[in-house]
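The block underneath contains the structure these notes are about, expressed in structure tokens.
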Amino acid sequence: SSPMIMQYAFGGLLSGMLIFYGRSGDWFSSAPFLLLIVFVIFGNEMIGKRSDKLIYHITLYFIGLFSYVVMVLPVLTGKMGDGMFVLSGLIALMLVIFVVQLLYRIVPHFMALNTKRVILSIGSVYVLFNIFYFTSIIPPIPLSLTTLDVVQSVDTMMAADGGRSYRVTYELQPWYRKIPFVDDVLHPAHSSIACFARVYAPTKLSTTIYHRWEYKDVNGDWAQYGDRIGYAIAGSNQAGYGGYTRIANFTSGIWRCSVETERGQVLGRREVKVVVGAPKELETRIE
């Protein structure tokens with residue numbers, strides 16, 4: 001039946017959005033937004049009353065539309081930022097209003113009885129998306145972090161054709177440090193350590209990426225080390241645009257490097273335990 005087809009269509013759309021947005025940002029930082037998507041996917045399955053389903057499907061359509069336009073507009077324009085997000089919201093709002101106007105022609109009596117519910121549903125989603133964006137909870141789609149490591153050192157190598165690659169020297173870790181929530185251990189061999197990241201961006205897109213270095217203080221809270229360090233990236237292949245930062249004058253303890261957008265949306269984080277002492281085994285890879 002049509003309602004069943006719509007239910008599966010919306011479920012598929014939102015599941016796709018969950019995958020795309022989940023790949024774009026740090027899961028912990030983006031948890032409220034990602035949980036909202038999960039909630040509406042399951043809510044789509046649980047609502048039984050036909051009239052409630054139509055209101056819910058209008059809401060789902062707006063959520064899917066808003067999420068999609070936010071993702072696609074930066075790809076088409078090559079720009080990111082507050083202006084692009086606001087424009088995406090207005091485009092999604094105009095499109096959903098057009099659909100609502102069509103429904104007023106198809107089921108005028110039902111829509112007249114439920115005008116307030118429709119306005120409240122769409123308005124709530126619009127406000128919530130803006131709150132999530134301006135508090136940096138929505139992942140920085142269409143950017144995607146493909147590599148992030150805190151390592152011994154990184155050196156830039158320039159090719160004759162103007163291309164560049166990176167010599168990354170890192171400390172081999174025992175197998176159990178591959179387990180989630182078990183930090184790598186770094187025994188610095190030099191007076192500095194480095195954070196190497198690759199960020200995928202669509203071909204037309206150019207933006208600035210920042211590394212935020214932090215360490216755990218005596219109270220167990222994260223304290224920022226110096227200012228954020230930024231560098232420009234441009235649209236690249238699937239491997240992502242490479243870049244790195246380094247810090248010196250560090251102390252033993254727990255450190256982390258966060259990769260962020262200009263407005264603070266987190267693409268990913270990597271924690272490492274820095275311990276004084278000779279590194280056990282170093283290897284080098286070319287990125």
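Just to be sure I understand the model, the point goes 7 Å from the Cα along the line to the Cβ. What's the resulting Q173 to F20 distance in nm?
So the label points at Q173 and F20 sit 3.1 nm apart.
Using Cα pairs closer than 8 Å and at least 6 residues apart in sequence, work out the relative contact order for the chain, in percent. Present the calculation step by step, with values, prior to reporting the outcome.
Working: 486 pairs, mean separation 58.8, N = 287.
Taking the mean separation of contacting Cα pairs over the length of the chain, I get 20 percent.
At what distance in angstrom do the alpha carbon centres of the range 63-113 and the range 210-271 lie from each other?
Cα centroid of the range 63-113 versus Cα centroid of the range 210-271: 34 Å apart.
Can you work out the FRET efficiency for the pair F132 and S192, with r the C-beta to C-beta distance and R0 = 51 Å, to the nearest 0.05?
Details: r = 37 Å, r/R0 = 0.72.
Rounded to the nearest 0.05, the efficiency is 0.90.
In percent, what relative contact order does the range 144-286 have, based on Cα pairs under 8 Å that are 6 or more apart in sequence? Intermediate values should be presented prior to the final figure.
Details: 326 pairs, mean separation 46.3, N = 143.
Reported as a whole number, the value is 32 percent.
Let me understand the range 168-234 better: what is its radius of gyration from the alpha carbons, and its Dmax, in angstrom?
15.5, 45
Relative to the longest principal axis of the chain, what angle (0 to 90°, nearest 10) does the C-alpha long axis of helix 2-24 take?
The angle comes out near 20 degrees.
Would you compute, for the Cα atoms of the chain, the largest minus smallest coordinate along each principal axis and list the three values in descending order, in whole Å?
Largest first, the chain extends 76, 45, 33 Å along its Cα principal axes.
Nearest 0.05, what FRET efficiency do T156 and A223 give at R0 = 41 Å with Cβ-Cβ as r?
Details: r = 29 Å, r/R0 = 0.72.
So, using R0 = 41 Å, E works out to roughly 0.90.
Taking Cα atoms, how many degrees apart are the long axis of helix 115-134 and the longest axis of the chain, rounded to 10 and kept between 0 and 90?
Helix 115-134 sits roughly 10 degrees off the main axis of the chain.
Inverting the mean 1/r over all pairs of different Cα atoms, compute the Kirkwood radius of the range 144-286 and quote it in Å. Mind showing how you got there, number by number?
Working: mean 1/r = 0.0629 Å⁻¹.
After inverting the mean inverse Cα-Cα distance, the result is 15.9 Å.
T147's amide H: which non-local residues (gap 5+, or another chain) put their own amide H closer than 5 Å, with H modeled 1.01 Å from N in plane and none for Pro or chain starts?
R198
In degrees between 0 and 90, to the nearest 10, how far off the longest principal axis of the chain does helix 31-46 point, with axes built from Cα atoms?
30 degrees
Based on the Cβ-Cβ distance from V99 to A234, what FRET efficiency comes out when R0 is 35 Å, to the nearest 0.05? Show your work: numbers first, answer last.
On the way: r = 37 Å, r/R0 = 1.05.
Plugging the Cβ-Cβ distance into 1/(1 + (r/R0)^6) gives 0.45.
Read-outs: derived from the displayed coordinates by stated rules, not from any lab. Keep in mind it's a predicted model, so treat the numbers as computed, not measured. Cβ: placed from backbone, ideal geometry, glycine included. Neighbour counts: every protein chain shown.
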